[in-house]
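A short worksheet on the structure shown next.
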Amino acid sequence: MKGKRLDKLLAHLGLGSRKEVAGLVRAGQVSVAGKVVRDPGLRVPPGVEVALDGKPLEVRRHHHVLLHKPAGYVTSRKEGPSVYALLEGFPTRDLSPVGRLDKDTEGLLLFTTDGELLHRLTHPRHKVEKRYLAHLLHPATPEDQKAFAEGLVLDGERLLPAELRLGEDPRWVELVLREGRFHQVKRMFAARGNRVLYLKRLSLGPLALGDLPRGAARYLTLAEEEALYGAVGLAPP
């Protein structure tokens, strides 16, 4: 029978890992076409209703995977070690990263199969916020805040205004960008005579890293998908 494995489909909907959703199926909590099933490997044809505890589930057309990228991995298929090695069990052949994180940078890295969504999330016209935590060699200053807010000039081009948030220890800061350029965070601080020692992306638009363990990945929930599409003016497919 053609179709997607039931456990993959349920995991795609954000109901848990493949192991966790398999437990739901074996416990008799899942029905397909109105009948309770207990085989996580059952193939579900397109258009067939799937329900959890009697409540129909809405199946999405595209895949969206959130990864907590560890340091030491590159956002590339051709080089290694690659972030794709951390996506075992996901449809890696069709997934594309939404932007890139440097090899030594950690944090939220989103993958999607929706090309239009990817384009809008990465195009500066939509000004999707990206929030980072950075550890600096030297303390950041109010003058740095002002320079970032006015828009630094890199390579002869002015950047969009950025928000620099100082904490009790000004060597640990949060930076909010609304565009994504090559090594942008590191180059911005370098332009101010400083150096980034550690960098982690905490959020992308409405998506937050939360308590997802380093090196782990999961599908977005339906609520997260809707918020993500809405952030760039698209309706969920």
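Miscellaneous remarks
- In this structure, residue 65 qualifies as out of contact with any helix residue (DSSP H, G or I) (no Cβ under 7 Å at 6 or more places or on another chain), closer than 21 Å to residue 218 by Cα and not basic (Lys, Arg).
- Scope segment 71-93; condition surrounded by 12 or more Cβ atoms within 10 Å (Cβ to Cβ), of a type outside the set (Gly, Ala, Ser) and either modelled with pLDDT under 90 or within 22 Å of residue 121 (Cβ to Cβ) (or both); matching residues: 73, 74, 75, 77, 83, 84, 86, 87, 90, 91, 92
- Among the residues of segment 193-217, the ones that are buried (at least 18 other Cβ atoms within 10 Å of the Cβ) and of a type in the set (Lys, Arg) come to 2 in all.
- Tally of residues being farther than 20 Å from residue 223 by Cα and either in a strand (DSSP E or B) or without any contact (Cβ under 8 Å) to a residue 24 or more places away in the chain (or both) across segment 5-28: 8
- The criterion of at least 1 residues that are under 26 Å from residue 69 (Cα atoms), touching a strand residue (DSSP E or B) at 6+ places or on another chain (Cβ under 9 Å) and assigned by TED's automatic domain parsing to the domain that holds residue 103 is met, among helices (runs of 4 or more DSSP H) falling completely within segment 135-237, by 222-231.
- Positions within segment 157-198 being in contact with a Lys or Arg (Cβ under 7 Å, 6 or more places away or on another chain) and over 16 Å from residue 124 (Cβ atoms), in sequence order: 173, 174, 189, 196
- Residue within segment 106-114 that is in contact (Cβ under 8 Å) with a residue 40 or more places away in the chain, among the hydrophobic types (A, V, I, L, M, F, W, C), under 16 Å from residue 229 (Cα atoms) and surrounded by fewer than 18 Cβ atoms within 10 Å (Cβ to Cβ) present: no
- Leading residue by the ranking (farthest from residue 89 (Cα to Cα)) among those in segment 34-45 that are in contact with a Gly (Cβ under 7 Å, 6 or more places away or on another chain) and either of a type in the set (Asp, Glu) or in a strand (DSSP E or B) (or both): 36
- Residue 31 vs. criteria in contact with a strand residue (DSSP E or B) (Cβ under 7 Å, 6 or more places away or on another chain), not basic (Lys, Arg) and not in a loop (DSSP other than H, G, I, E, B): yes
- Residue list for segment 40-64, filter: of a type in the set (D, E, K, R), free of Cβ contacts under 8 Å to residues at least 60 places away in the same chain and surrounded by 14 or more Cβ atoms within 10 Å (Cβ to Cβ): 43
- If the condition is being out of contact with any strand residue (DSSP E or B) (no Cβ under 6 Å at 6 or more places or on another chain) and either on the phi < 0 side of the Ramachandran plot or assigned to a helix (DSSP H, G or I) (or both), then segment 115-133 contributes 115, 116, 117, 119, 120, 121, 122, 123, 124, 125, 126, 128.
- Enumerated strands (runs of 3 or more DSSP E) restricted to segment 46-114, each holding at least 2 residues that are out of contact with any His (no Cβ under 7 Å at 6 or more places or on another chain) and within 27 Å of residue 182 (Cα to Cα): 64-69, 106-112
The values are calculated or read from the model by the stated rules, or taken from the named source; none is laboratory data. This one's a predicted model, so the numbers in the text were calculated from it and none came from an experiment. Ideal geometry is used to build each Cβ from the backbone, glycine not excepted, and the neighbour counts take in all protein chains shown.
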